[in-house]
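Okay, so here's the structure we're looking at.
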Amino acid sequence: MSMAFDLSAGFADKVTSAQSTFRAVMQAMARPGTVQRVEGGLRQVPAPLTPATAAIALTLFDHDTPLWLDEATRALAVTQWLRFHTSAPLVDEGDMAAFGLIADPLSMPALERFALGSNDYPDRSTTLILQLGSLADGSEFELCGPGIRGTATLRAPLPASLLAQRDALTPLFPRGLDLILAADDAIVALPRTTRLVAKGGN
């Protein structure tokens with residue numbers, strides 16, 4: 001498989017796929033904890049990107065969205081693919097990024113190293129896309145907050161340190177970080193307003 005073929009492998013139907021992906025992301029944000037399927041039709045994406053992450057990139061990234069990559073996603077094939085399809089500028093500092101791609105959550109930087117927005121402009125924060133092995137297995141969490149009727153349950157292999165860091169950011173609201181969890185072609189959104197509690201001591 002040539003690099004030229006790799007780079008050209010984006011959405012087969014750009015408009016329809018981008019609209020579908022955008023709706024999935026908005027639905028995930030509106031209903032935190034619910035698993036949404038991203039129907040981007042992507043079959044070949046550069047490792048370690050998942051189809052869901054790649055579809056989000058093709059839909060939301062552009063030349064005005066600075067992008068931070070963790071070590072795992074800094075592979076040459078990934079950076080070339082992202083530059084070719086999105087033109088998103090790559091930045092070295094998380095607090096300069098509109099989005100952050102993280103394929104290895106266990107080794108990710110502290111959340112405070114990313115942009116948290118300001119009280120006047122809380123939307124000027126980094127949205128982190130965390131790739132996980134599954135959105136059906138792993139530790140069990142109880143979710144509550146806006147968009148959730150009562151409580152919701154999520155099973156995912158989230159690092160315990162991540163939850164502690166999110167809790168530490170709570171007093172800063174409306175500043176904070178929004179997370180999108182991605183596994184294969186599925187996503188779950190955890191806006192900064194969503195509270196997570198590990199069940200069973202996990």
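Identify the residue in the range 63-94 that is loosely packed, with under 14 Cβ neighbours inside 10 Å and charged (D, E, K, R) and, among all such residues, is nearest to A24 (Cα to Cα).
D64
Pick from the range 1-18 the residues that are out of contact with any helix residue (DSSP H, G or I) (no Cβ under 8 Å at 6 or more places or on another chain) and modelled with pLDDT of 90 or more: which of them is surrounded by the fewest Cβ atoms within 10 Å (Cβ to Cβ)?
Checked the range 1-18; the qualifying residue surrounded by the fewest Cβ atoms within 10 Å (Cβ to Cβ) is V15.
Yes or no, residue by residue, for (1) aromatic (F, W, Y); (2) on the phi < 0 side of the Ramachandran plot; (3) touching a Pro at 6+ places or on another chain (Cβ under 7 Å); (4) not in a helix (DSSP H, G or I):
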residue	(1), (2), (3), (4)
A28	no, yes, no, no
T34	no, yes, no, yes
L42	no, yes, yes, yes
L49	no, yes, no, yes
A54	no, yes, no, no
A57	no, yes, no, no
F84	yes, yes, no, no
D92	no, yes, no, yes
G100	no, yes, no, yes
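Return the residues of the range 24-58 that are basic (K, R) and either modelled with pLDDT of 95 or more or closer than 16 Å to Q131 by Cβ (or both); say none if nothing qualifies. First the steps, then the outcome.
Restricting attention to the range 24-58, the residues satisfying the condition of being basic (K, R) are 31, 37, 43.
Once the filter is applied, which keeps residues that are basic (K, R) and either modelled with pLDDT of 95 or more or closer than 16 Å to Q131 by Cβ (or both), the range 24-58 yields R31, R37.
Among L158, L169, which is the only one that is surrounded by 13 or more Cβ atoms within 10 Å (Cβ to Cβ) and either touching a Ser or Thr at 6+ places or on another chain (Cβ under 7 Å) or not aliphatic (A, V, I, L, M) (or both)?
Being surrounded by 13 or more Cβ atoms within 10 Å (Cβ to Cβ) and either touching a Ser or Thr at 6+ places or on another chain (Cβ under 7 Å) or not aliphatic (A, V, I, L, M) (or both) holds for just one of L158, L169, which is L158.
Which residues, counting only those in the range 76-100, are among the β-branched types (V, I, T) and touching a residue at least 12 places away in the same chain (Cβ under 8 Å)?
V78, T86, V91
Please state which one of T21, T73, T65 is among the hydroxyl-bearing types (S, T, Y), touching a helix residue (DSSP H, G or I) at 6+ places or on another chain (Cβ under 7 Å), under 18 Å from L130 (Cβ atoms) and touching a residue at least 12 places away in the same chain (Cβ under 8 Å). I'd like the intermediate steps shown before the answer.
Values: T73 fails: touching a helix residue (DSSP H, G or I) at 6+ places or on another chain (Cβ under 7 Å); T65 fails: touching a helix residue (DSSP H, G or I) at 6+ places or on another chain (Cβ under 7 Å).
Checking each option against the conditions leaves just T21.
When both residues are 6+ apart or on different chains and their Cβ atoms are under 7 Å apart, which pairs have a first residue that lies in the range 138-149 and is closer than 14 Å to V188 by Cβ, and a second that is among the charged types (D, E, K, R) and part of a loop (DSSP other than H, G, I, E, B)?
Filtered contacts from the range 138-149: G147/R31.
Residues are listed down the side, and each one gets a yes or a no for (1) β-branched (V, I, T); (2) under 17 Å from the mean Cα position of the chain (by Cα):
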site: V35; (1), (2): yes, yes
site: T53; (1), (2): yes, yes
site: D64; (1), (2): no, no
site: L69; (1), (2): no, yes
site: L82; (1), (2): no, yes
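Restrict the check to the range 112-133 and report whether at least one residue is assigned to a loop (DSSP other than H, G, I, E, B), among the aliphatic types (A, V, I, L, M) and either surrounded by fewer than 19 Cβ atoms within 10 Å (Cβ to Cβ) or over 17 Å from the mean Cα position of the chain (by Cα) (or both).
no
Out of the range 48-62, which residues are of a type outside the set (A, V, I, L, M) and buried (at least 18 other Cβ atoms within 10 Å of the Cβ)?
Scanning the range 48-62 gives T50, P51, T53, T59, F61.
The values are calculated or read from the model by the stated rules, or taken from the named source; none is laboratory data. Just so you know, these numbers come straight off a predicted model, no measurement behind them. Don't worry about glycine lacking a Cβ; one is built from the backbone with ideal geometry, like all the others, and counts go over all protein chains shown.
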